[in-house]
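**Q** Okay, handing you the structure first.
What follows draws every value from the coordinates through simple rules; no lab data is involved. Note that the coordinates shown come from a computational prediction; the quantities given were computed from them, not determined experimentally. Don't worry about glycine lacking a Cβ; one is built from the backbone with ideal geometry, like all the others, and counts go over all protein chains shown.
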Amino acid sequence: MSYSTEEIVAPSFSIDQGGITVVRKIRLHNWSDVDGYITDLFAGGAATGGEPFRSSIATYPGRDALLLRGVRIEPFEPDRVDTDDSYGVATCDSGALITLNYSTVSFNMNPDEQDPSDPTTWLSWDTDVQQQILTHGQSGMKWESDDTQVPNDILPGFPVTIVNHTLTWHRVPDPPLDHWYDYVGKCNSSSFLDHDTEQVLFSGFTKSTQSNTDGTRSSEVRMTFQARIVHGTLETGAGSVIGWNHFLRPNGKWDRIVTKNDDKPIKTADLSEIFEYT
């Protein structure tokens with residue numbers, strides 16, 4: 001059945017140890033269509049305790065791995081009540097705001113308790129934090145005691161925190177390698193893995209493939225992301241955080257380096273798109 005709807009905001013996307021979650025907010029223009037709209041989202045199931053128990057078969061458009069997990073229905077204009085329906089329940093003539101929550105399957109992350117007969121893809125997320133020393137040219141450095149320039153044969157070092165995120169996708173039936181190649185060596189153009197813009201570099205991935213006894217094949221893919229955290233003073237107009245394209249200027253402030261064609265040495269991309277494939 002066809003319904004008059006509109007998506008009022010762009011879907012929100014998040015990823016954590018439990019997998020991927022997407023939230024959509026849709027306006028259903030006619031409140032009277034709520035029952036039919038929700039019924040069409042869910043498949044009929046067994047009756048339990050006199051009430052129908054329905055198991056969702058809906059998936060996010062074009063993303064079969066994202067299953068509909070929950071639906072929230074509320075008046076599109078919460079303070080507006082127009083009429084009562086046939087059951088005496090207040091309705092809103094401006095329609096309903098329907099929030100749809102999609103996510104990947106939730107799993108027990110203990111590998112010893114995984115069911116090897118279950119072919120569903122699942123995710124584990126490991127984080128490792130290390131300290132590194134970033135050596136830099138001496139042009140922006142001076143001796144504290146006498147305010148003189150540091151000589152050329154000395155390369156000062158800065159402590160840098162490196163946060164290594166390893167996302168491992170298990171039982172991937174058909175890894176989209178060509179899609180992933182485009183993102184290797186790029187840093188994030190927006191917030192990603194709880195880090196600010198240009199702080200996260202997609203270092204690469206490894207893939208191992210297993211052949212199952214039923215003739216099917218699946219892969220384990222380990223993706224590595226490196227977040228670089230540097231503390232210092234930024235040059236005006238050089239962004240809000242020190243990212244992978246920032247270096248120290250002779251005046252002692254950090255600035256983003258670009259080529260004479262205004263290209264960034266390390267390209268940026270929306271790294272969340274790495275996970276958007278079918």
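**Q** Please give the length that would be gained between Ser218 and Thr21 if that part of the chain were fully extended, namely 0.36 nm times their separation in residues minus their C-alpha to C-alpha distance (nm, one decimal).
**A** Result for the pair: 68.6 nm of gain on full extension.
**Q** Sticking with this one: Under 11 Å from the Cβ of Ile8, count the other residues' Cβ atoms, weight Lys and Arg +1, Asp and Glu -1, and hand me the total.
**A** Spelling it out: positives minus negatives among the neighbours equals +1.
**Q** Quick one: if you stick a label point 7 Å off each Cα along the C-beta vector at Thr135 and Arg69, how many nm between them?
**A** 4.7 nm
**Q** Between Thr206 and Val184, what length in nm is gained on full extension when 0.36 nm per residue of separation is reduced by their alpha carbon distance?
**A** Gain on stretching Thr206 to Val184: 6.8 nm.
**Q** What is the distance, in nm, between label points placed 7 Å from the Cα along the Cα-to-Cβ direction at Asp147 and at Thr236?
**A** The answer from the label model is 2.3 nm.
**Q** Please list 234-241, 268-275 highest first by mean number of surrounding beta-carbon atoms within 10 Å per residue.
**A** Packing proxy ranking, top to bottom: 268-275, 234-241.
**Q** Run the simple label-point estimate for Thr127 and Thr59 please: 7 Å along Cα→C-beta, distance reported in nm.
**A** Using points 7 Å along Cα→Cβ, the separation is 3.1 nm.
**Q** Right, something else. Among Phe158, Phe205, which comes first, then next, by fewest other beta-carbon atoms within 10 Å?
**A** The order, fewest Cβ neighbours first, is Phe158, Phe205.
**Q** If you add up the charges near Tyr102, with Lys and Arg at +1 and Asp and Glu at -1, over every other residue whose beta carbon is less than 9 angstrom from its beta carbon, what do you get?
**A** Once positives and negatives cancel, what remains is +3.
**Q** Sorting check: for 165-172, 256-263, 123-130, which peptide has the highest mean count of neighbouring beta carbons within 10 Å, and how do the rest follow?
**A** Descending packing order for the listed peptides: 165-172, 123-130, 256-263.
**Q** Next question. Going by how many other Cβ atoms sit within 10 Å of their own, how do Tyr37, Tyr181 line up, fewest first?
**A** Result, fewest neighbours first: Tyr181, Tyr37.
**Q** What's the local net charge at Asp255, with K and R +1, D and E -1, over the other residues with C-beta under 10 Å away?
**A** Overall, the nearby charge balance is +2.
**Q** Just list whichever of Lys25/Lys207; Lys207/Lys264; Lys186/Lys207 have alpha carbons separated by over 26 Å in the model shown.
**A** Beyond 26 Å: Lys25/Lys207; Lys207/Lys264.
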